[in-house]
Amino acid sequence: MTSSEKSGYLNIIKEWLSKQQHLPQNIHDKLLNRFLHSCKYSPEQAKTLIDLFYTLRSQAPEIFANRDPTSPELQSAFENFDYIPMPKLGEANERIFIYRMNSSDITKYDFVNSIKAFFILADIRMIVEETIPEGEIPIYDTSNFTLKHLSKVNLQVQKKFFFYSQEAHPINLKSIHVVNIPTFLDKCMQLMRPFMKPEVKKMIHTHVDKYSTLHEYIAPNLLPVEYGGTVGTVSDIKKWWMGKVMEHKDYLTDESRWAVDESKRTNDNHSRRTLGMEGSFRSLDID
């Protein structure tokens, strides 16, 4: 698709958005392009995704409100968790991520703020990255996760997390890798499985250690040193990304960019007002 064609689709979305007064009117162009890209440049699907993206966020304030990255709660979350996009794209233009907890200390585990921090980083990378990946491949390192941590999982927030991630997050998920799997993985899956789409479940690959079998799926030149790779250390990559988060503090905390005004919603959008697990508006792009 040519740049001219993409610009044309972007203009269609902008014109439509100007008539949706319940939605933010200052959405970043790069984010609008993300919506279009994740919907394969179908304007109608992108419109639905945009509305759902903002509507579900307004109904999950535990995750999407009070997002000052300099607050003590979020500083603690960023210190205790790594959410690191890798700097290189793969041959198929896919982006690799490392998600891991840095300590097994149960007193440092804040489930809700960890999810909030996760989406803060996600929001920043969508306006910072110059190239939109064709696919996303997260790697979850569970080496510090224990049975005690399961007791601190808020199921209502987890439900919202999975529903939003699978229905409204503008990415194309390609596969999921879980490394250093715990012996109690089955118990973890019992908590997550009810909220996961069947196609997402099929994407999951488990690995008993950090990378002996991971490299069969992901080339080392896309991974950090800690996972047998060559793109740099997790700490260095994280430092760069945290700098970007702090640079965009005003973007994150400007409610005019994120809030939905339900009093201005027209009747044709009424059906998408409820956050729940029923139904599915879009399917994931799966290899």
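The values are calculated or read from the model by the stated rules, or taken from the named source; none is laboratory data. Small disclaimer: the values here were computed from a predicted structure and weren't measured. When we count neighbours, we look across all protein chains shown, and the Cβ atoms used for this are built from the backbone with ideal geometry, even at glycine. These accessible areas exclude ligands, DNA and RNA; they are computed on the full protein's heavy atoms, side chains included. Shrake-Rupley method; radii C 1.70, N 1.55, O 1.52, S 1.80 Å.
Here are some notes:
- Area of T107 that stays accessible when all protein chains are in place (1.4 Å probe, Å², to 10): 110
- On Cα atoms only, tilt of 3-17 relative to the major axis of the chain in degrees: 70
- Solvent-accessible surface of the range 3-149, taken per residue with a 1.4 Å probe and all protein chains present: 40 Å².
- A straight chain from D209 to V128 at 0.36 nm per residue would run longer than the Cα-Cα distance by 26.0 nm.
- Scaled radius of gyration (Cα, divided by 2.2 N^0.38 Å) that the chain gives: 0.99
- Calculated [θ] (222 nm, deg cm²/dmol) that DSSP helices of n ≥ 4 give over the chain, each run adding -39,500 (n - 2.57): -12500 deg cm²/dmol
- Mean-square fluctuations from a GNM of the chain, with a 10 angstrom spring cutoff on Cα atoms, peak among G243, G228, G135 at G243.
- Heavy atoms of M196: accessible area, 1.4 Å probe, square angstrom to 10: 20
- For the range 105-261: relative contact order, % (alpha-carbon pairs under 8 angstrom, 6 or more apart): 22
- Exceeding the 20 Å Cα-Cα cut-off - candidates K201/K239; K116/K238; K108/K249; K47/K249: K201/K239; K108/K249; K47/K249
- K40 versus K197: modelled label distance in nm, points set 7 Å from Cα along the beta carbon direction: 1.3
- Among the listed pairs K6/K30; K14/K264; K187/K210; K88/K152; K88/K174, those whose Cα-Cα separation exceeds 23 Å are K88/K152.
- Spacing of the two label points (7 Å from each Cα toward its C-beta) at M246 and E62, in nm: 3.0
- Between 0 and 90°, nearest 10: helix 43-58 axis offset from the chain longest Cα axis: 70
- In a simple Cβ point-charge model (Lys, Arg +1; Asp, Glu -1; nothing else charged), the chain has a dipole of about 520 debye relative to its Cα centre.
- Sequence-distant residues sharing a close amide H with H205 (under 5 Å, placed H): I176, H177, V178
- Our summary gives the chain a relative contact order of 25 percent, counting only alpha carbon pairs under 8 angstrom and 6 or more residues apart.
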